[in-house]
1. Could you give the nm distance between label points at residue 125 and residue 102, where each point is 7 Å from its Cα heading toward the beta carbon?
2. Which of 94, 125, 144 ends up with the largest GNM mean-square fluctuation for the chain, with Cα atoms connected below 10 Å?
3. Where does the chain land at 222 nm, in deg cm²/dmol rounded to the nearest 500, when only DSSP H runs of n ≥ 4 count, each adding -39500 (n - 2.57), divided by all residues?
4. Compute the distance from the alpha-carbon center of the range 83-100 to that of the range 1-37, in whole Å.
5. Distance in nm between label sites at residue 31 and residue 51, each 7 Å beyond Cα in the beta-carbon direction?
6. Please compute the contact order of the range 1-49 in relative form: average sequence separation of alpha-carbon pairs under 8 Å and at least six residues apart, divided by the residue count, as a percent.
7. Please list, ordered by chain and number, the residues whose modelled amide H lies under 5 Å from the amide H of residue 72; skip anything fewer than 5 residues away on the same chain.
8. Would you mind working out the magnitude of the charge dipole of the range 44-154 relative to its Cα centre, with +1 at each Lys and Arg C-beta and -1 at each Asp and Glu C-beta, to the nearest 20 Debye?
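Any read-out appearing in this document is the output of simple, stated calculations on the displayed coordinates, not a laboratory observation. All figures in this text were calculated on a predicted structure; none of them were measured in a lab. Quick reminder, even Gly has a Cβ in these numbers, built from the backbone with ideal geometry, and neighbours come from all protein chains shown.
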Amino acid sequence: MSHHSFSFAMGEFTAEFPGDRMYVSNHMWALQTKGDLWRFGLTGYAVRLLQDVYFLEWTVEPPSAMKSRQLLGAIESKKAESDLYAPIAGVLVAINDAALADPSVVNADTYGEGWLFEMESREVAALLSPEGYQAHLIDAWEVAQRTIKGQANT
């Protein structure tokens, strides 16, 4: 796999994405830390749309067996309140207590200390390569722009 980063233009803002990890269509990144252990966080795209994350809440405690798309918790920001779902099936083994205590780390260090949770899983077929996620972003951005314009016209 290529370790080059890639970027995606979001209007006047350009989001950056490391090439050393996989991605999820719900705008999370997935980094294999060792064996079947995967660390997840929000992508620069998600953080840009949310703007200024200030609240994080978990509804499950590790260790917990999770189904793909099972509700994990919620995140609140200046722009939105969103539920967080398990990106893949597996066992939730850790949550980032530092991000829970100070959610602004998600904004400040999106791909590092701003990670959200870790899962142990072999069910990784749904994860997207950097190239696959880049293609997904093009479609997602078109939908996001329509949504933003729709909100502006109401």
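1. Spacing of the two 7 Å Cα→Cβ label points: 4.2 nm.
2. Residue with maximal mean-square fluctuation among 94, 125, 144: 125.
3. -7500 deg cm²/dmol
4. 17
5. In this crude spin-label approximation the distance works out to 2.7 nm.
6. Reported relative contact order: 27 percent.
7. Here the answer is 84, 85, 86, since their amide H atoms fall under 5 Å of that of residue 72.
8. On the way: 8 positive and 16 negative charges, 101 e Å.
Dipole magnitude for the range 44-154 comes out near 480 debye.
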